[in-house]
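Single-structure report; data block below.
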Amino acid sequence: MPSSHDYISDKRNKHIKIFINNKFYSRDNAKISVFDSGFLLGDGVWSGIRYHNNKFLFLKDHLDRLFDDAKKISIKIHLSKKQISKILHETIKINKMKTDVHLRLVVSRGIKSTPYQDPAFTISKPTIVVIPEYKQPQESIYKKGLVLKTVKTIRGPHNVQDPRINSLSKLNCILACIEAKNKKADEALMFDINGNIATNNSTHFFYVKNNSVYTSVGKYCVRGITRQKVLYICKRNKIKVYEKNFKLNDVLKSDEAFVTGTFANIIPVKKINNKKFNIKNNIITERIRKLYLELMDK
């Protein structure tokens with residue numbers, strides 16, 4: 001089955017230099033302590049960032065979200081956004097990268113004195129990791145489209161594990177992904193606590209009806225950067241777009257559907273449960289993707 005994160009293998013990735021706490025390491029030697037909060041507890045935040053034609057895409061948005069998410073879980077990042085930005089640029093420079101790069105920026109709470117969840121047992125500054133890879137989406141995915149299926153795993157309430165935070169703890173999404181794969185789907189289409197469609201396990205969901213674009217209110221999904229840019233593109237280009245609550249039945253009556261994410265931008269959906277879409281007729285989806293690719297090159 002295809003995936004929204006299928007990528008073209010690149011031999012250059014064997015030789016990448018990975019940043020960990022002020023030093024660069026070869027891929028084989030890039031390691032963190034078993035006492036790191038990220039490893040022990042999934043205690044941290046992250047962002048996936050693209051480097052395209054000698055520039056980072058929407059870097060300010062990514063760093064703003066990262067710092068906001070860290071604050072929400074009481075992680076005080078000891079470096080400024082400007083310093084983090086400098087690290088990202090140094091990572092690109094030392095790897096001599098130009099384009100088609102995806103970077104995973106990870107911040108964990110830091111090293112523990114013992115394997116225990118209380119932040120008071122953290123004995124170091126936050127761990128900062130940058131993993132840069134040459135990574136291009138498989139071009140075929142835009143022609144084939146994705147298969148989505150609804151799952152029983154939902155996006156939980158804010159007072160359990162806030163689904164708006166891009167946390168290292170991805171168990172909820174992993175379980176949804178496993179359900180979807182067991183159903184022979186590429187991704188899971190997840191409900192929120194009220195039975196509305198929320199998001200997918202690793203991308204954001206949109207549908208099109210009568211030339212209008214719809215997505216969830218965003219109350220139960222990560223603040224997606226690509227999602228935000230699609231909303232911006234629609235409003236700027238007079239494409240009607242609505243953030244609202246909607247049910248599965250609304251989706252199954254739609255004309256088009258697509259997903260968004262930093263890695264592969266905008267991917268059409270060819271099937272949701274038993275509902276099939278003729279992606280050759282995806283006029284709105286194709287227009288939005290074209291406008292997004294133009295935005296990337298500005």
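Being among the β-branched types (Val, Ile, Thr), without any contact (Cβ under 8 Å) to a residue 60 or more places away in the chain, farther than 13 Å from residue 259 by Cβ and outside any helix (DSSP H, G or I) is true for just one of 160, 217. Which residue is that? Can you show your working first?
Working: 160 fails: outside any helix (DSSP H, G or I).
That would be 217, the only listed residue that is among the β-branched types (Val, Ile, Thr), without any contact (Cβ under 8 Å) to a residue 60 or more places away in the chain, farther than 13 Å from residue 259 by Cβ and outside any helix (DSSP H, G or I).
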Taking the range 81-118, which residues are among the basic types (Lys, Arg), more than 21 Å from the chain's Cα centre (by Cα) and either surrounded by 12 or more Cβ atoms within 10 Å (Cβ to Cβ) or part of a loop (DSSP other than H, G, I, E, B) (or both)? 86, 96, 98, 112
Is it the case that residue 180 is touching a residue at least 40 places away in the same chain (Cβ under 8 Å), of a type in the set (Gly, Ala, Ser) and not assigned by TED's automatic domain parsing to the domain that holds residue 100? no
In the range 47-85, anything in contact (Cβ under 8 Å) with a residue 40 or more places away in the chain and of a type in the set (S, T, N, Q) is listed as 47, 53, 54, 74
Can you report the number of residues in the range 165-185 which are among the charged types (D, E, K, R) and loosely packed, with under 14 Cβ neighbours inside 10 Å? 1
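Here's the yes/no breakdown for (1) buried (at least 23 other Cβ atoms within 10 Å of the Cβ); (2) in contact with a Leu (Cβ under 7 Å, 6 or more places away or on another chain); (3) basic (Lys, Arg); (4) not assigned by TED's automatic domain parsing to the domain that holds residue 64:
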| position | (1), (2), (3), (4) |
| --- | --- |
| 208 | no, no, no, yes |
| 224 | no, no, no, yes |
| 244 | no, no, yes, yes |
| 274 | no, no, no, yes |
| 283 | no, no, no, yes |
| 288 | yes, no, no, yes |
Considering residues that are farther than 17 Å from residue 180 by Cβ and in contact with a helix residue (DSSP H, G or I) (Cβ under 8 Å, 6 or more places away or on another chain), the number found within the range 269-287 is 2
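Considering only the range 119-138, state which residues are touching a residue at least 40 places away in the same chain (Cβ under 8 Å) and either assigned to a loop (DSSP other than H, G, I, E, B) or not β-branched (Val, Ile, Thr) (or both). Spell out how you get there, then give the answer.
Applying the first criterion (touching a residue at least 40 places away in the same chain (Cβ under 8 Å)) to the range 119-138 yields 119, 122, 125-138.
Of everything in the range 119-138, those that are touching a residue at least 40 places away in the same chain (Cβ under 8 Å) and either assigned to a loop (DSSP other than H, G, I, E, B) or not β-branched (Val, Ile, Thr) (or both) turn out to be 119, 125, 126, 132, 133, 134, 135, 136, 137, 138.
So which of 13, 53 ends up being assigned to a loop (DSSP other than H, G, I, E, B) and more than 17 Å from residue 168 (Cα to Cα)?
Numbers: 13 fails: assigned to a loop (DSSP other than H, G, I, E, B).
Answer to the selection: 53.
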Checking residue 136 against (1) within 17 Å of the chain's Cα centre (by Cα); (2) modelled with pLDDT of 95 or more, only one condition comes out false. Which one? (2)
Report yes if some residue within the range 33-45 is touching a strand residue (DSSP E or B) at 6+ places or on another chain (Cβ under 6 Å), surrounded by fewer than 16 Cβ atoms within 10 Å (Cβ to Cβ) and not assigned by TED's automatic domain parsing to the domain that holds residue 199; otherwise report no. yes
When the range 246-285 is checked residue by residue, the ones that are under 21 Å from the mean Cα position of the chain (by Cα) and not in a strand (DSSP E or B) are 262, 263, 264, 285
Whichever residue in the range 63-80 is in a loop (DSSP other than H, G, I, E, B) and of a type in the set (Gly, Ala, Ser) and, among such residues, is surrounded by the most Cβ atoms within 10 Å (Cβ to Cβ): 80
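The values are calculated or read from the model by the stated rules, or taken from the named source; none is laboratory data. The structure displayed is predicted, hence computed values, not measured ones. Don't worry about glycine lacking a Cβ; one is built from the backbone with ideal geometry, like all the others, and counts go over all protein chains shown.
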